[in-house]
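A.B. asks: Take this structure first; my questions come after.
Any read-out appearing in this document is the output of simple, stated calculations on the displayed coordinates, not a laboratory observation. Everything numeric in this text was worked out from a predicted model, so none of it was measured. Virtual Cβ from ideal backbone geometry, glycine too; neighbours counted across all protein chains shown.
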């Protein structure tokens, strides 16, 4: 997956993840992209741990995996911050 795909999926997954976790007002565009890319890595790791495929190319499945990972990352961030 190319760099541009990582940025696009990361931005969307990070933004929607921050909306789901109620943190959208605290985050900017760059933070959404970084959380989404990190979420793709974390989501891919979670999926491989349960025997499923992770992020593979530019697809809905990759987006959902990145979204799952983004929500996990933001949940951990909120737990540590409190």
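A.B. asks: For the Cα atoms of the chain, what angle does the longest principal axis make with the long axis of helix 3-20, in degrees from 0 to 90, nearest 10?
C.D. replies: It works out to around 50 degrees.
A.B. asks: Here is a further query. Once the Cα atoms of helix 29-49 and of the chain are each reduced to a long axis, what angle between those two axes, in degrees from 0 to 90 to the nearest 10, is obtained?
C.D. replies: Value to nearest ten degrees: 50.
A.B. asks: Let me have the 222 nm mean residue ellipticity of the chain computed from DSSP H runs of 4+ only, each contributing -39500 (n - 2.57), with the sum over all residues rounded to the nearest 500. All intermediate terms of the calculation are to be shown ahead of the outcome.
C.D. replies: On the way: 3 runs with 61 residues, N = 82.
That calculation yields -25500 deg cm²/dmol at 222 nm.
A.B. asks: Separate question: Would you please calculate the Kirkwood hydrodynamic radius of the chain over all C-alpha pairs and express it in Å, rounded to one decimal?
C.D. replies: When all Cα pairs of the chain are included, the Kirkwood radius is 12.1 Å.
A.B. asks: Could you give the angle, 0 to 90 degrees to the nearest 10, between helix 60-81's Cα long axis and the longest principal axis of the Cα atoms of the chain?
C.D. replies: Relative to the chain, helix 60-81 is tipped by roughly 30 degrees.
A.B. asks: To continue, here is another question. Each label point is 7 Å from the Cα along the Cα-to-Cβ direction; what then is the distance between the points at residue 48 and residue 26, in nm?
C.D. replies: Computed distance between label sites residue 48 and residue 26 equals 2.9 nm.
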